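Take a look at the structure below.
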Amino acid sequence: MNCKYGALALFFVFGISACQQQNSTSTFNGTQKLNADGYVLQSDRFTSTITSTANLLPFESVSVKTPVEGNVLAIYFKEGEYVNKGDVIIQIDDRTWQAQLKGLNAQLIAARKELNRKEKLLEIEGASREEVDQLQATEQDLQARIDELEVSIDLAEVKAPFGGQLGMRNFSLGAYLDKGETITRLVQSDKIKVDFDVPAKYASYLQKGQIVQVLTNTGQDTARARIYAIDPMLNTASRSIQARALLNNPNHTFIAGNFAEVIVSLIESDSTLFIPSESLIPELNAHVVYKIKNGKAKRQDVKIGNRTPDKVEILNGLSAGDTVLVTGLMEVEDGVQVNIQKIEEEGSI
């Protein structure tokens with residue numbers, strides 16, 4: 001009984017094998033032909049890209065701090081509002097300095113009059129050089145003290161160093177602020193810096209002025225940014241290079257401090273030859289395809305370049321218009337006649 005079933009099983013296996021062989025080959029006028037599908041090479045546009053995670057940074061950002069100490073005399077901003085460069089944010093009480101400035105200006109006027117009188121007397125030897133020199137020193141000292149007060153008065157009027165959006169404040173009118181205490185944050189976000197890293201092997205493809213695509217972390221919004229700076233040194237820990245692009249953000253679609261994805265085009269070519277990945281036969285130190293010439297399969301060594309999920313770039317060994325085998329590669333031999341059942345072209349793979 002066991003022998004019977006074994007014979008049936010053996011017959012079944014050989015039957016399947018014979019059917020498969022019959023499907024892959026056919027006989028015409030006593031000559032065996034390989035039935036296979038082919039692909040016709042055509043020049044195609046190719047773009048190779050990589051995707052990197054980016055940090056979005058404001059174009060300018062600063063913590064606005066008090067340049068001088070004193071009580072807050074006036075607050076001229078609302079939290080979260082936009083201000084222009086030079087707009088006054090707060091006023092530190094400068095009334096004491098203003099009063100001192102008036103007194104010093106009066107002293108300076110009197111000192112200059114006295115100096116002018118003494119210089120005239122010096123000409124007729126009615127005054128000594130020492131008196132004149134002392135009055136000149138007094139004038140210079142008064143002018144220096146006035147300049148110092150004017151600087152303090154100017155600093156007491158705290159202004160926005162650039163246009164942007166103000167943050168929050170944690171003090172009230174009349175509060176005493178020490179020198180260097182934070183007033184609020186000022187952020188310019190109508191333009192965004194896009195910081196991203198690229199593996200070292202792609203560093204040579206980055207160029208200043210290059211355009212990259214930026215996608216929000218939700219994938220809902222995209223924009224174009226232009227690379228304007230590339231770090232001259234690799235990150236030794238990650239073996240990557242940092243690039244920075246500038247993104248115009250007039251509608252504030254992108255938020256500083258958020259993450260985004262950057263798509264970088266590395267290689268672009270308008271005349272690239274591709275074959276389906278399944279047409280390529282990898283061998284030791286070589287890559288081989290079978291092209292069809294005069295109805296026969298011809299073994300052809302090729303040099304390959306970039307890859308996509310379903311294509312391989314051919315750099316050397318084939319030309320546009322050549323037909324290569326897509327199927328039947330397990331049975332094909334150099335010189336065997338081929339019966340092409342189906343021809344594929346660009347767009348069908």
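Read-outs: derived from the displayed coordinates by stated rules, not from any lab. For clarity, every value in this text was computed on a predicted model and none was experimentally measured. Here Cβ is always computed from backbone atoms with ideal geometry, including for glycine, and neighbour counts include all displayed protein chains.
Quick notes on this one:
- Estimated distance in nm for a label pair at Q134 and R185, the labels positioned 7 Å out from Cα along Cα-to-Cβ: 5.9
- Among A260, A54, A99, residue whose mean-square fluctuation peaks in a GNM of the chain (springs only between Cα atoms under 10 Å): A99
- Our summary gives the chain a relative contact order of 28 percent, counting only alpha carbon pairs under 8 angstrom and 6 or more residues apart.
- Computed extension gain for E81 through R299, at 0.36 nm per residue and net of the alpha carbon distance, reaches 71.3 nm.
- Set against the labelled values [x] 140, 54, 34; [y] 76, 64, 43; [z] 81, 49, 42, Cα extents along the principal axes in Å computed from this structure falls on [x].
- Remark on V336: its backbone amide H falls under 5 Å from those of A297, a criterion applied only to residues 5 or more positions apart or on other chains, H modelled at 1.01 Å from N.
- Electrostatic bookkeeping for N316 treats Lys and Arg as +1 and Asp and Glu as -1; over the other residues with beta carbon under 10 Å from its beta carbon, the sum is 0.
- K33 long-range amide H proximity, modeled H, under 5 Å: S26, T27, F28
- Each stretch of four or more DSSP H residues adds -39500 (n - 2.57); spread over every residue of the chain, this sum gives -8000 deg cm²/dmol at 222 nm.
- Qualifying GluC sites (Glu not before Pro) for the range 253-339 [loop in DSSP, other Cβ within 10 Å: at most 11]: E333
- Anisotropy class of the range 160-222 from Cα gyration tensor, a/c 1.5 cut: prolate
- The three principal axes of the C-alpha atoms in the range 67-180 carry coordinate ranges of 69, 26, 19 Å, sorted with the longest axis first.
- Max mean-square fluctuation residue, GNM over the chain, Cα-Cα springs under 10 Å, options L57, L149, L246: L149
- Computed on the range 67-180, with alpha-carbon pairs under 8 angstrom and 6+ residues apart, the relative contact order is 53 percent.
- Note on the chain: with a GNM built from Cα contacts shorter than 10 Å, the maximum mean-square fluctuation among Q42, Q100, Q210 falls on Q100.
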